[in-house]
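Participant: Let me begin by handing over the structure; questions about it come next.
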Amino acid sequence: MRHFARKRNAERWLASQGAPSLAREWVDPTLSKITIGELLPQALARQVQLKPTTMVRNASTDLAAGAARTPGQVTHPDVSSWVHSLTDEGLAPATVRYAHRVLSLAPTAAVRAGRLVRNVAEGVPLPRVVGNLKRFLTHDQVFQGVRQIEWLCTPHEGEPAMPITPTGSSRCPDGLSMACAVRAEPRC
């Protein structure tokens with residue numbers, strides 16, 4: 001409870017504090033004194049849906065840059081520049097996204113506990129994970145590969161074929177499959 005010597009000072013303070021408390025945006029400053037380094041292990045411990053290996057990876061994520069700061073001291077631009085610095089260090093986009101997710105657990109826990117008004121890690125632009133381009137063989141490439149295997153399976157100049165698996169195919173000697181030859185030096 002606050003006491004003021006003059007009514008004018010009380011009204012001025014109420015005007016500055018009243019609107020946020022009515023809109024549920026006021027946070028008691030004494031609640032937000034815990035650092036991210038202290039809050040994050042608590043938030044990670046509440047993640048009961050995760051596998052043990054994920055828990056170990058979460059705990060090993062390096063958040064040294066913001067560990068000594070309170071959630072109220074970390075701003076959206078701070079998180080954004082941290083993500084950018086991880087990208088500049090050469091970390092893969094998936095690793096950067098994962099580290100951001102681990103960091104965002106602390107502000108999320110602070111919001112739920114009434115220590116913060118909003119999660120400053122939300123809405124930070126993250127690097128895009130680009131999947132590998134998948135290349136598929138055409139019908140001609142498959143046919144060409146089959147012909148090469150047939151050629152390898154057929155004995156040439158008195159060399160015996162080197163069987164691997166019998167399948168009953170009539171293309172290779174002794175009813176062996178087209179993939180029956182393994183040679184140290186390919187002929188193609």
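The values are calculated or read from the model by the stated rules, or taken from the named source; none is laboratory data. Since this is a predicted model, take the numbers as computed values, not measurements. Cβ coordinates were reconstructed from backbone atoms using ideal geometry, including for glycine residues, and neighbour counts include every protein chain displayed.
Participant: Name the single residue that is nearest to THR95 (Cα to Cα) among those in segment 123-147 being among the β-branched types (Val, Ile, Thr) and more than 31 Å from the chain's Cα centre (by Cα).
Facilitator: Among residues in segment 123-147 that are among the β-branched types (Val, Ile, Thr) and more than 31 Å from the chain's Cα centre (by Cα), the one nearest to THR95 (Cα to Cα) is THR138.
Participant: Turning to a different aspect of this structure: Being hydrophobic (A, V, I, L, M, F, W, C), under 17 Å from ILE34 (Cβ atoms) and assigned to a loop (DSSP other than H, G, I, E, B) is the filter here; which residues of segment 75-117 pass it?
Facilitator: ALA113, LEU116, VAL117 - these are the residues of segment 75-117 that are hydrophobic (A, V, I, L, M, F, W, C), under 17 Å from ILE34 (Cβ atoms) and assigned to a loop (DSSP other than H, G, I, E, B).
Participant: Please go through segment 67-96 and pick out each residue that is out of contact with any His (no Cβ under 7 Å at 6 or more places or on another chain), touching a residue at least 24 places away in the same chain (Cβ under 8 Å) and surrounded by 17 or more Cβ atoms within 10 Å (Cβ to Cβ).
Facilitator: THR70, PRO71, GLY72, VAL74, VAL79, SER80, VAL96
Participant: Consider GLY114 carefully, then state whether it is over 20 Å from the mean Cα position of the chain (by Cα) and on the phi > 0 side of the Ramachandran plot.
Facilitator: So GLY114 fits the description; yes.
Participant: So, in segment 1-58, of the ones that are among the small types (Gly, Ala, Ser) and more than 20 Å from ALA110 (Cα to Cα), which residue ends up modelled with the highest pLDDT?
Facilitator: Across segment 1-58, the extreme among qualifying residues is ALA5.
Participant: Small (Gly, Ala, Ser), assigned to a helix (DSSP H, G or I) and either within 15 Å of the chain's Cα centre (by Cα) or modelled with pLDDT under 80 (or both): is that true of ALA68 in this structure?
Facilitator: When the stated conditions are applied, ALA68 does not pass them.
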